1. Starting from 0 in steps of 5 Å, tell me what percent of the Cα-Cα pairs of the stretch 95-212 lands in each bin.
2. Show me the ranking of peptides 175-181, 130-136 by mean Cβ neighbours inside 10 Å, starting with the highest.
3. So, counting K/R as plus one and D/E as minus one, what does the shell of residues with Cβ under 14 Å around A179 add up to?
Amino acid sequence: MLRRSARLVAALLLCAGCSGPVNPPPAVGDATLTVYLVGHGWHAGIALPRTGLLPESADFPGADFLELGWGDRDYYQASDPGVWLLLHAACCSAAGVLHVEGIHGSVGERLVGGEMVRLLVPRDRFLKLAAFIQGSFRREAGMAKALPLRRGLAADSLFYAAGGGFHLFNNCNTWVAAALESAGYAMGWPPPFTTGQLLARARRLDSAAPHQ
């Protein structure tokens, strides 16, 4: 029981803290667009082409892809969160946060060591996926684009206020699963709690493709 509890705390810890010329955004009129699910230990993110569908993409003008991860606002941004913030995230989280990293070039080359699933997403589903992610940002009234809260965990990354509250069963992995569900992909019930569950289910989707 103690060993199981330790694994559960470790899962929560990692999920809660989940880091020249301007490239033109890719055409969303393409038949399919490539989306990556990226596993970072217990934390998962989703990387999608930088398009004009997300107003915040303007903050990453040289990027080819944006990797987004969602988590507890206090824990994710803390340099040394500790046990108190971990427990607070588990049951008392007041707000969510999005971490957005601009990726230049290949996602696979930038995120070496991360476990990935590559999806070839039809345009109609991609538009729904982008709409879900756009709706996850918390923007000031009357503003089309969210303002960054602070610098992120990587060189070209930023934190943004996000909707929703993190808790044990509403974590980084379930957020990615919900994004895919919004695009018409059945991720199963109960939602995938761990990164391993998320990636395993994603590999069975009809849009899954061999990793490149």
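1. Final binned percentages: 2, 10, 16, 20, 24, 18, 8, 2, 0.
2. Working: 175-181: 23.6, 130-136: 17.7.
Ranked by mean Cβ neighbours within 10 Å, highest first: 175-181, 130-136.
3. Values: positive: R125, K128, R201; negative: E67, E181.
Neighbour charge sum, excluding A179 itself: +1.
Laboratory data are not the source of any read-out in this text; all were calculated from the coordinates shown. Small disclaimer: the values here were computed from a predicted structure and weren't measured. A quick note on method: Cβ atoms are made from the backbone with ideal geometry, for glycine too, and the neighbour counts reach across all protein chains shown.
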